[in-house]
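Take a look at the structure set out below.
Where a number appears in this text, it was derived from the coordinates with a stated rule and is not lab data. None of the values given here were measured: they were computed from a predicted structure. Positions of Cβ are backbone-derived with ideal geometry, glycine not excepted, and every protein chain shown enters the neighbour counts.
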Amino acid sequence: MFLIHCPHCQEDRPEIEFAYAGEAHIVRPGPEQQDAMSDAEWSEFMFIRDNVRGEHCERWWHANGCNMFFNAVRNTVSDKFIKTYKIGHKRPSASQIQKWKDAANG
Amino acid sequence: MSSDMKFDQGLTLPEILSGNDLKIMLLPEKVRYSLRIKPSDIAAVNKASGLKLPRKIGGSNLGKDQFVMCLGPDEWFVVANVDARDRLEKIFAKLEKSFTLSITDVSHRNICFGLMGADAVKAVNIGCPLDLSLEHFPVGKVTRTVFESAPIILTRTGEDNFGIECWRSFAPYIRGFFERYATDKAAA
Amino acid sequence: MGEYRKSGKGRVDHSEAVRFSFDGKSYEGLRGDTVASALMANGVHLLGRSFKYHRPRGAVGVGFEEPNALVTVRRGKGRMTPNLRATALEIYNGMEVTSQNRWPNLNFDIGAFNNTFSAFFPAGFYNKTFMWPKSFWDKVYEPFIRNMAGLGPAPTEPDPDVYASTYAHCDVLIVGAGPAGLAAAIAASKKDQRVVLVDENTELGGSLLGATGATIDGKPSEAWLAKTIKDLDKAQNVTVMTRTSAIGFYHDNFVALSERLTDHVPSLKPGQSREKLHRMRAGRVILAQGAIERPLVFNGNDRPGVMLASAAQTYINRYGVGVGKNIACFTAHDSAYQAVFDLADSNIRVAAIVDARKELAADILAQAQSRGIDVITNAVISKTGGKNRIKSIEVYSPDTGTKRQVNCDALLMSGGWTPSLHLWSHSKGSIKWDAATKVYLPDQANENCVCIGACNGDFGIKTALNAGSKAAGGRKSYKVEEADFGQGQIFDQLPNYIAPQKTKAFVDFQNDVTDKDIKLAVREGFKSIEHVKRYTTNGMATDQGKTSNLNALEIASKALGKDAPQVGLTTFRPPYTPTTFGAICGYRTDDLFEVTRKTPIDPWAESQGAVFEPVGIWRRAWYFPKPGEDMHAAVARECKATRDSLGIFDASTLGKIEVVGPDAAKFMNIMYTNPWSKLGVGACRYGLMLREDGYIYDDGVVGRLAEDRFHVTTTTGGAPRVYRHMEDYLQTEFPELEVWLTSTTEQWSVIALNGPNARKLIEPFVEGIDLSPESFPHMAVREGKICGVPTRLFRVSFSGELGFEVNVPAHFGKYVWETLFEAGQKYDITPYGTETMHVLRAEKGFIIVGQDTDGTVTPHDAGMSWIVSKKKKDFVGKRSLQRSDLVAEGRKHLIGLLTDDPNVVLEEGAQIVTDPNQPIPMDMLGHVTSSYWSEALGRSIAMALVRDGFNRMDEELYIPMPGGVNHKAKVVKPMFYDPKGERLNVL
Ligand SMILES: [Zn+2]
């Protein structure tokens, strides 16, 4: 059972309080955009996900905690969380993720 | 018919366990409100209402007849004695006029267990995965968490005093764990 | 006292005799004995029969690593535990122990014919033989295998014991209380931190319990141990847990600890937990699990009396039991010599030490010679003699070809040491191959965790103590005098002059896997150790290959001509030690196994004899049978009473979410397909919710209580997911909206009253609400009082009758229900359950999400295009509804079905076809989703999802059933009763 650092509660909390919520940084198109999208483009948004081997940006929900959705970078091979951050922050760059990893490794 | 006869929390025994190092009670009728306020308004709301809403998630303020807790970045929970209802509702009516916020009466949604005694930490930990050492869970801390499969709000009002608020239908389940724990203690 | 007991020796209490029975015969042991040590004290080595060949077996080890000596303990009705290791099982007065896997008894076992015919039972035998014909599997092969190949019998009665569980936290968790773990605990105790020390054994000490003679800080090791135990006991910040197995190591230092509380206690107190699971979160984990001695793989190495040298050493030093009177030893490691010396020093005759190595350190040889022990180097054991106990060994010197028989009644063996990496591997710490000692050692940690002492390949007491201190932040350097741990040589295969087909050298004792089986697996093409393991079952027994994995790896890698690391190592998985399901469940059994939510009115329903059904995790009243009624009769009566006069229904489980804020209507517009902006305050509207993919997700009635406040209801099972769905969109896609959500499901008890007399019933109880149809029309909500308590009163109907849903604060729910029920007697008020509710709504063609829809049904498919706004610019699911697939011809549509025979009630889930005589597989058009007997119509009704259903009105379709019956039914609109909705308007 993981400990997950909630960026709102600002503490490590047991995984059992959280729910996974899929890949992060997939923005729902606004109504005008939706109308302009072809079926193929819409399907891409709806159904296609990266399925990353390695660092994955994903969403978690602190359902039995502060009730907030937030984002996390997690390694899908080691399962380790590298960083959690609030919604609204941009998708972290590869170099940013590397910095976080370096910081975590002391 | 008296109000007592109408009121039924579903669990009949007020006391589950009564011993020197652990006492578990079912708390009597309370009023409860969920407050949702924009974080930028807290100072102004506090000034206008005197509610003393804590700013930090997990913080709380225990007053004479009310207990105010911060559960999320824009979420507060107020539990108070029944006779504070009118006073609170007046405050809320006033706030609703001047602020954009949400106040919902959830008095009957929850039931609260009170745990007291040197063994209270152990009793909470049979189902709650949080580290309850004073360093990690100091007096005054509150949080939503779980007790086994039941969502709860855990509050600490003293080194050996805890409250477990849960939705009404989860109360017998939680009480069941306390009963087994009590049997265990008696047999050990 | 048994004849093999050494008076006054060991840590057992020689003043306290304990009587127990083994296979019905009474034995005497001492307080502190295990079943194995007590039996050996009485000269009993034969403890069980092996898994496949039913060969006689005795204890190989002395603790939890034991592969052979599995026994069953019975202690009264329901308390029967099979497969316990006799070597780790404490005796108590009156204990009843039986051996396993033998019939009719242990000394004469019919199953042993497997042994005689063992040439026919090689690796993969079961896989190869029992595969054809298929029909034989259930009736012949499986019963045969189950009878023949067995561990202890599974208990047949429910377990009367209770178990406990808890979460726990500490700063330092130390697993293993040998010298390394003890030194770590002492060092850790001196800091301001919470320390937990766990050990599987009954007492602390680890290897110190079995080996004597060393001094630590000037004291004999026994005295040092006693003082250390006292110090730890005094330390306020240290929790010591014996009889506690660390069974699994999970993410972020979450370690499962299983504590045995009563298995060693002679009399049980009622309510006392048998075991307790501690779900421990540690800041840092120090693994000091030690190492397990490796058996040698030689012909006849499984005869009772053949055991690990360290085990024999522990039997003499800890239990005061000589494993024989005339022992021999076969070794490839120096450490076995100390074991033999300890036995020799207790006046046990040593017939010979056979050492497979060519050369031996001079000082060891000198020590042996000073005791008059005959050491034969560069030799092996080519066979062993004796039936149920070893009687002799044949010593074979491969260089000279000489053979010599040596008589003995016990044989100590040592093939070196295997560091215990189980928990380290659970934690995903990496391992590295140490070519010098031919073992795997811990490499890189994946958690805040460290391996110290023998499990890190660091042998010897001093090394372990210092490593322990250092690991816990101490700097103590212990002064230790001890025998040199020495070194050894690993042999993959020992030479033998006897032809391989006539030998039997066991690698995995518990699963009866021999060296030949492993070689056969390699010959048959298995190249990875994971495959060899599965094919031979090596290491797959309850001991998880603690004594066998590395020998198997050595043999397989030699056969493959590869280095061991290239062949790999099998994966270690929890639990480290076999664990009861009871411990895993802890308190979570019976009514605590999962949550059963009940409404405030549930106790009333129970008192009325309601039959319940689970809906999600709620239990709901299903129907209310009167004496002599079956479900059909009860439901027919409930339906009729409701349509004729008045029914009362507990709808409290409906999900409720309060949506509040200036942007509430805007948010509702996004979440539901229909528009909300113009819904007046005090009005209600049915809402349909889609997922983004366009499929129906949930539905419910929504009331507007104020401009900025909606009372939203959801389906019973859908409440949590709808709340999440709403929060998700609000927080991540529309954070600019000023609106908040509060779950109020349990704030309100909901009493649904349906029937022509519904209004008449409530009228006298309602205050502050004008109930007249003009001011309180259908689909409206008012706030006021009922029975003196606050209410949100909805005029809605899910039955087609005049209906009200009385919402009152939950703790008043039962009171209001009882008051209304009593007053309703004059209208013959009838309580009904979910089944009647389903029938009434089906008569009206209302859908149940999840029954008539299945996650692939669009509003159009369900015949509900009317509820999808054409004007709104956006709502969840809008764009998907335009996808070509979702507007294509030939989708399944929800239609009604009327059977030709009105008495036939179709089966829900039954498939529908046009022509029942077409060849199989038939072209299936869809399936029946809802089907009931309609008392109001005097016939059956059904709803179904049928391909192109809307274009099949009046078409006749068939529903073929098993047994050749083909029901015929006509496609109709799914609206069976009061299509104009006139009954809602009763005055
Ligand atoms: Zn949080």
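May I ask you to evaluate 6.51 cos²θ - 1.76 cosθ + 1.60, the Karplus curve with θ = phi - 60°, for each residue of region C:258-263 and list the ³J(HN,Hα) values in order in whole Hz, giving x for glycine and proline?
Listing the rounded values in order: 10, 9, 8, 9, 10, 5 Hz.
Return the calculated 222 nm mean residue ellipticity for the protein assembly as shown, to the nearest 500 deg cm²/dmol, obtained by summing -39500 (n - 2.57) across DSSP H runs with n ≥ 4 and dividing by the residue count.
Helix-only estimate at 222 nm: -6000 deg cm²/dmol.
For region B:112-188, state which GluC sites (Glu not before Pro) are in a DSSP loop and have at most 10 other beta carbons lying within 10 Å of their beta carbon.
Answer in residue order: B:GLU135.
In the protein assembly as shown, if every C-alpha pair distance is counted and binned at 20 Å from zero, what percent goes to each bin?
Reading upward from the zero bin: 9, 31, 31, 22, 7, 0.
Tell me, what is the percent relative contact order of region A:3-104, built from C-alpha pairs under 8 Å that lie six or more residues apart?
With pairs under 8 Å counted, the relative contact order is 26 percent.
Quickly work out the C:THR202-to-C:SER869 label distance, labels modelled 7 Å from Cα along the C-beta direction, and quote it in nm with one decimal.
Modelled inter-label distance: 7.5 nm.
Kindly identify region C:295-415 as rounded, prolate or oblate by the Cα gyration tensor criterion: order the square roots of the eigenvalues as a ≥ b ≥ c, call it rounded if a/c is under 1.5, otherwise compare a/b with b/c, prolate if a/b is larger, else oblate.
Here region C:295-415 falls in the oblate category.
Please report, for the Cα atoms of region C:655-698, the Rg to one decimal and the Dmax as a whole number; what are they, in angstrom?
10.9, 32
Based on alpha-carbon positions alone, could you give the equivalent ellipsoid semi-axes of chain C from the gyration tensor, as √(5λ), descending, whole Å?
The answer is 73, 33, 27 Å, longest axis first.
Out of all DSSP beta bridges in the protein assembly as shown, what portion is antiparallel? Express it as a percent rounded to 5.
80 percent
Two-decimal Rg/Rh of region C:934-986 from alpha-carbon positions, Kirkwood Rh?
1.07
Once you have the alpha carbon radius of gyration of region B:30-106, what is it after dividing by 2.2 N^0.38 Å, with N set to its residue count? If you can, show how the numbers build up before the last one.
Working: Rg = 11.1 Å, N = 77, 2.2 N^0.38 = 11.5 Å.
Normalised by 2.2 N^0.38 Å, the Cα Rg of region B:30-106 equals 0.97.
Please report, in whole Å³, the volume per residue of the convex hull around the C-alpha atoms of chain B.
124 Å³
How many Cβ atoms of partner chains, on average, are near each residue of B:97-107 if near means within 10 Å of its Cβ?
Per-residue shielding by partner chains comes out at 5.
List the cysteines in chain A whose Cβ has no other cysteine Cβ under 4.7 Å from it.
Lacking a cysteine Cβ partner under 4.7 Å: A:CYS57, A:CYS66.
Evaluate E = 1/(1 + (r/R0)^6) for C:GLN501 and C:GLN405, where r is the Cβ-Cβ distance and R0 equals 22 Å; express this FRET efficiency to the nearest 0.05.
So the FRET efficiency works out to roughly 0.45.
Can I get the semi-axes of region A:3-104's equivalent ellipsoid? Compute them from the C-alpha gyration tensor as square roots of 5 times the eigenvalues, in angstrom, largest first. Write out the running numbers ahead of the final one.
On the way: eigenvalues 141, 57, 31 Å².
Three semi-axes, in Å: 27, 17, 12.
Would you kindly derive the ³J(HN,Hα) couplings of region C:384-394 from the backbone phi angles with the Karplus curve 6.51 cos²θ - 1.76 cosθ + 1.60 (θ = phi - 60°), listing them in order in whole Hz, with x for Gly and Pro?
Calculated HN-Hα couplings, in order: 10, x, x, 9, 9, 7, 5, 10, 7, 10, 10 Hz.
For region C:889-982, what is the largest minus smallest coordinate of the Cα atoms on each principal axis, given in angstrom and ordered from greatest to least?
Cα extents, longest axis first: 46, 33, 19 Å.
Among C:MET924, C:MET943, what is the fewest-to-most ranking by other Cβ atoms within 10 Å?
The most exposed by this proxy come first: C:MET924, C:MET943.
Amide H to amide H, which residues 5 or more places from C:TYR167 or on other chains are under 5 Å from it, using H placed in the peptide plane?
B:ILE126, B:GLY127, B:CYS128, C:ARG279
Mind checking which aspartates and glutamates have their C-alpha under 14 Å from C:LYS666, skipping anything on the same chain fewer than 8 residues away?
Excluding near neighbours in sequence, the set is C:GLU707, C:ASP708, C:GLU733, C:GLU736, C:GLU738, C:ASP874.
For all pairs of alpha-carbon atoms in region C:544-684, what percent lies in each bin of width 10 Å, listed from the first bin to the last filled one?
Taking every Cα pair in region C:544-684, the percentages come to 8, 18, 15, 17, 13, 11, 11, 7, 1.
Roughly speaking, what is the centre-to-centre gap between region A:29-101 and region C:154-192 when only Cα atoms are used, to the nearest Å?
39 Å
Let me confirm one metric for peptide A:4-12, namely the mean number of other chain beta-carbon atoms within 10 Å of its residues' beta-carbons.
Across A:4-12, the average partner-chain Cβ count within 10 Å equals 3.
What distance in nm lies between label points placed 7 Å from Cα along the C-beta direction at C:GLN236 and A:HIS89?
It is 4.0 nm.
Equivalent ellipsoid semi-axes for region C:622-841, as square roots of 5 times the alpha carbon gyration tensor eigenvalues: give them largest first, rounded to whole Å.
Each semi-axis is the square root of five times an eigenvalue, giving 31, 20, 14 Å.
How large is Rg over Rh for region B:6-51, taking Rg from the Cα atoms and Rh as the Kirkwood inverse mean of 1/r across Cα pairs?
1.25
Which entries of C:LYS785/C:LYS814; C:LYS760/C:LYS844; C:LYS626/C:LYS826; A:LYS101/C:LYS432; B:LYS185/C:LYS9 have Cα-Cα distances beyond 26 Å here?
Too far apart for the 26 Å limit: B:LYS185/C:LYS9.
Where Lys and Arg each count +1 and Asp and Glu each count -1, what net charge lies around C:THR571 among other residues with Cβ under 12 Å from its Cβ?
Details: positive: C:LYS428, C:LYS533, C:ARG534, C:ARG573; negative: C:GLU530.
Value of the local net charge: +3.
How high is the FRET efficiency between C:HIS14 and C:ILE229 when r is their beta carbon distance and R₀ equals 22 Å, given to the nearest 0.05?
So the FRET efficiency works out to roughly 0.60.
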